[in-house]
Structures are given as C-alpha cells and as structure tokens.
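Structure first, commentary second.
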Amino acid sequence: GSDEWAAVGLNRPITTGDRLWVDPGGRAELHAGTTAVRLGGGTAATILNLDDRATQVKLTQGTLQLRVRALPADQQVEVDTPNLAFVPREPGDYRIDVSPDGTSTLVTMRHGSAVLYGDTRSIELARGQRMRFAGTDLADAGQGSYPAPDSFDQWRSEEHTSELQSRETIS
C-alpha cells in the first residue's frame, strides 16, 4: 500500500500491483501455483495480475527465467516487456532479458513453445530458438552477441534440480 521502496524478507507474499527491484548481484524467486519466476540482479518487474487464473508480470529491465510446470486451459501466464508480450503455450523453461534502456528484448526458449505479441503481429517460437527484438512490432534486432551461460543460468539450473528433488520426496 506504499509508493516507497522497502526491503522485503523471505517468504513475503506478493500481490497484484507490487513492484520489484533486485539489486545487482542479487536474485529473487516467486512461485504462483505451477509457475516459478526467477529474477536476476539489476532487474525491475511489476506484478500486473496475480490470481487463480492469471500470472502476469511486466519486466522493464533485467533477466527473468520462467519455469511453467503445468498450464491448465483456464490459466494464463504472460510476461510483458517494453517490446512484446510473451505467452507460453505449454509447460516449459524460458528466459527473457530486457536491456537496461528497454530498447530490446532477448527471448531464449529452453523448453516449450510460446506466442510473442507485438503491436500488429504475433509469432511463435519453439524449443531451442533465441531471438532479439527491438521496437514494439517484433522487429528482429539481429543476431548480435548472445551471452554465454552465466551465474544466473547456473542458479536457475540448481533451483530447478532442487525443485524436482523436493517433488520426488513429497510424492
């Protein structure tokens, strides 16, 4: 209910309208049903919608990893950036990077498929594809240089393995 930034502790509930900033070198993880959202350092995000049917996050800069374990027909997951709207079509593992100035978005499809929406068109990406977009009409920003796997990828992988092991223990 405040417009002031405040530090939060572990396991703080997040709701629609919350704005999140992860300091450089930091990391954050959010869970909403069968969806995990992991944020890297230097990331700014806003929770646009969070309820039983929708998880919608606005990523204005930084790195977001989206892990969707299940996607029932009545639930929607969406990540909005300054350049596009990203909507997974099936369970999967996705990484979205937005440049600090918000002029480009890099989408990395590790597993799964998704539809990306621009102002006047949409495209579908599938597992293994990686594209950089500029503007708001899904203009290809060119191959450029894609970052090599980094410490965020290592953390994501460790968290995913930990998640799988905890589900096996519960089963």
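The values are calculated or read from the model by the stated rules, or taken from the named source; none is laboratory data. All figures in this text were calculated on a predicted structure; none of them were measured in a lab. Please note: Cβ atoms are built from the backbone with ideal geometry, for glycine as well, and neighbour counts cover all protein chains shown. Quick note on the areas: whole protein, heavy atoms, side chains included, nothing else; ligands and nucleic acids left out. Shrake-Rupley method; radii C 1.70, N 1.55, O 1.52, S 1.80 Å.
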Inter-residue pairs, beta-carbon under 6 Å, first more than 15 Å from Gly40 (Cβ to Cβ) and in region 84-97, second open to solvent by 30 Å² or more (accessible area, probe 1.4 Å) and small (Gly, Ala, Ser), 6+ apart: Pro91/Ala70
Sole residue being under 12 Å from the mean Cα position of the chain (by Cα), surrounded by fewer than 20 Cβ atoms within 10 Å (Cβ to Cβ) and within 28 Å of Gly135 (Cα to Cα), chosen from Gln76, Gln56: Gln56
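If you check Asp101 against the conditions, is it open to solvent by 50 Å² or more (accessible area, probe 1.4 Å), over 16 Å from the mean Cα position of the chain (by Cα) and closer than 25 Å to Asp23 by Cβ?
When the stated conditions are applied, Asp101 passes them.
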Boolean, Gly62 is farther than 20 Å from Leu138 by Cβ, open to solvent by less than 50 Å² (accessible area, probe 1.4 Å) and touching a Gly at 6+ places or on another chain (Cβ under 7 Å): yes
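Can you name the residue in region 1-50 that is hydroxyl-bearing (Ser, Thr, Tyr) and part of a loop (DSSP other than H, G, I, E, B) and, of all such residues, is modelled with the highest pLDDT?
Step one: filter region 1-50 for residues hydroxyl-bearing (Ser, Thr, Tyr), giving 2, 15-16, 34-35, 43, 46.
After this cut, where a residue has to be part of a loop (DSSP other than H, G, I, E, B) as well, the list is 2, 15-16, 34.
Details: Ser2: 63, Thr15: 92, Thr16: 95, Thr34: 92.
Filtering first and then ranking leaves Thr16.
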Which listed residue is closer than 21 Å to Gly102 by Cβ and within 12 Å of the chain's Cα centre (by Cα), from Leu20, Leu66, Leu48: Leu66
Qualifying residue in region 107-118 (condition: open to solvent by 50 Å² or more (accessible area, probe 1.4 Å), within 24 Å of Thr16 (Cα to Cα) and modelled with pLDDT of 95 or more): yes
Among the candidates Val37, Val8, residue that is open to solvent by 50 Å² or more (accessible area, probe 1.4 Å) and among the β-branched types (Val, Ile, Thr): Val8
Verdict on Asp93 being open to solvent by 10 Å² or more (accessible area, probe 1.4 Å) and either in a strand (DSSP E or B) or over 24 Å from Arg27 (Cβ atoms) (or both): no
